[in-house]
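> Sharing a structure below in C-alpha cells format, with a few things to ask.
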Amino acid sequence: NFANEKLQQFFLTQVFKEEEVLHVKEGVPWKEVEYQDNTPCIELMEKPPNGIFRLLDSQCKAPKASEEALCEQVNETHKKGGFLAPTRLKRMRDGEGFIVRHYAGDVVYETSTVIGKATKVSEVSLLEKNNDTLQEDWLEQLAGSEVPLLKSLFSPGWEAALKAKKSASFSSVGKRFVNDLNSLLDELKASKAHFVRCIK
C-alpha cells in the first residue's frame with residue numbers, strides 16, 4: 001500500500017504538476033485540475049520521527065515490545081491527522097489495529113492476535129515481520145560454509161556483524177523497503193517518464 005501511495009504521487013507529479021509548469025512556461029492556457037494530494041498520507045507512513053515505519057522500528061527495539069503498544073502509539077500520535085481513521089469506525093480498540101486512509105480507500109491494519117482470532121490460524125506479528133536480523137549462529141555457519149557461493153554471500157554480513165554493537169544489530173524490513181522504494185523513485189525522477197493509457 002505504501003509503494004502504491006509513492007507511485008501514485010509520482011504519477012500525479014508527472015502528469016499534473018509538471019504539465020502545468022510546461023503549459024505556463026509556453027504560454028498555453030491551463031485550467032486548474034483538482035486531484036487528491038496524497039503527500040500527507042505518505043508523511044504519515046514515513047516521515048521522521050513519528051511516521052508509522054519509524055514507530056514500528058522503535059517498538060521493535062523497545063523492551064517488552066508489543067503490537068498492541070505499537071497500534072496504541074500510532075493511533076495516539078496521529079489521531080488529529082486526516083489520514084488515520086478512528087478505530088471505532090471498525091469497532092476496534094486502539095490496541096487492536098489502526099486504519100490508514102489511502103488514496104484508493106481505507107485499509108485496516110490489525111494485530112496478529114485479532115487476525116488469529118478471526119481466522120483461527122496463527123499469524124506472525126508485525127514486529128516479527130519487521131525484524132530481518134539473521135541470528136548470529138546462522139550467519140556464522142553460512143559465512144564459514146564450504147560452498148563458495150554461500151561463503152561469498154554471507155561473509156561480508158558476518159564481518160559487519162562482528163564489528164557492530166549489539167544494540168545496532170537490528171535490521172528493519174520496513175526501513176530497507178522505504179530506502180529501496182525511494183531509490184527507485186529517484187531513478188524514475190531522473191528519467192523521462194512516459195505513461196501508457198489503457199482503455200477498458
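The values are calculated or read from the model by the stated rules, or taken from the named source; none is laboratory data. Predicted model, so just to flag it, every value in this text is computed and none were measured. Neighbour counts run over all protein chains shown; Cβ positions are idealised from the backbone, glycine included. Ligands, DNA and RNA are stripped out before the accessible areas are found, and what is left, the full protein with its side chains, is counted by its heavy atoms. Shrake-Rupley method; radii C 1.70, N 1.55, O 1.52, S 1.80 Å.
> Please go through region 1-47 and give me each residue that is closer than 21 Å to His78 by Cα and among the aliphatic types (A, V, I, L, M), ordered by number.
Within region 1-47, Ala3, Ile42, Leu44, Met45 meet the criteria.
> So Glu140 fits all but one of (1) in contact with a strand residue (DSSP E or B) (Cβ under 9 Å, 6 or more places away or on another chain); (2) more than 18 Å from Cys71 (Cα to Cα); what number is the exception?
Only one criterion in (1) in contact with a strand residue (DSSP E or B) (Cβ under 9 Å, 6 or more places away or on another chain); (2) more than 18 Å from Cys71 (Cα to Cα) is unmet by Glu140, namely (1).
> Still on this structure: Please go through region 73-97 and give me each residue that is of a type outside the set (S, T, N, Q), in a helix (DSSP H, G or I) and touching a Phe, Trp or Tyr at 6+ places or on another chain (Cβ under 9 Å), ordered by number.
Matches in region 73-97: Val74 only.
> While we're here: Could you list all residues from region 67-118 that are open to solvent by less than 40 Å² (accessible area, probe 1.4 Å), without any contact (Cβ under 8 Å) to a residue 24 or more places away in the chain, more than 14 Å from Pro40 (Cα to Cα) and not polar (S, T, N, Q)?
Within region 67-118, Met92, Ile99, Gly105, Val114, Gly116 qualify.
> Could you pull out the residue among Leu44, Leu56 that is part of a helix (DSSP H, G or I), touching a Leu at 6+ places or on another chain (Cβ under 7 Å) and touching a residue at least 60 places away in the same chain (Cβ under 8 Å)?
None of the others qualify; the one that does is Leu56.
> Oh, and also: So, in region 1-21, of the ones that are open to solvent by 40 Å² or more (accessible area, probe 1.4 Å) and under 22 Å from the mean Cα position of the chain (by Cα), which residue ends up modelled with the lowest pLDDT?
This residue is Thr13.
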